[in-house]
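Worksheet: the structure to be examined is printed underneath.
The values are calculated or read from the model by the stated rules, or taken from the named source; none is laboratory data. All values derive from a computational prediction rather than experimental measurement. Here the Cβ is made from the backbone with ideal geometry for all residues, glycine too, and neighbour counts use every protein chain on show.
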Amino acid sequence: MIFLLYICRKFVAMSETQLSQISEAKDMGITLEIAEGLQAGFPSPAQDYAGESIDLAREMVRHPESTFYARIAGDSMRDAGIHNGDIVVIDRSLEAQNGNYVAACIDGEFTIKEYRFDAKNQCAWLIPHNDAYPKIKVTADNQFCVWGVITHCVHKM
């Protein structure tokens, strides 16, 4: 499994589902009023939740020193709910586990995919969530690293 731990030496041109406008997570000092208890089923009587607020950065960023935001360019993860133009939160301090969505660098190109390790075949797979894109097999012949684990995705409705 050591071959899966190559160090990404630099940012390079990106393709497929691309990371763009990568920025470090910082306390933006933005708090929003929050209304808890909104029903997604049958409506309930209105309740007064004035005064309660939520800090989105505090809710989405567990490790500020190793967390970045990136804007997605591409549609290879659309069936997973990650769309072109979305902003993802990437935590570089987390180790990728099977099934995690990751920002990975393979042979000099960044991509966002689902990560799967295949112990039987001693390889990893980067799995898109759009049938128009093929799975990417990662072997010892590839320069590969998981740059970070996607923890949140923000997109417009």
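Brief remarks follow.
- Every listed requirement among (1) surrounded by 13 or more Cβ atoms within 10 Å (Cβ to Cβ); (2) at pLDDT below 80 is met by GLU59 save one, (1).
- Residue check for TYR101: at pLDDT 50 or above, of a type in the set (Phe, Trp, Tyr) and touching a helix residue (DSSP H, G or I) at 6+ places or on another chain (Cβ under 7 Å): yes
- Residue match in the range 101-114 (condition: buried (at least 16 other Cβ atoms within 10 Å of the Cβ), touching a strand residue (DSSP E or B) at 6+ places or on another chain (Cβ under 8 Å) and not in a strand (DSSP E or B)): no
- Single residue of the range 121-134 satisfying the filter (outside any strand (DSSP E or B) and modelled with pLDDT of 95 or more) that is surrounded by the most Cβ atoms within 10 Å (Cβ to Cβ): PRO128
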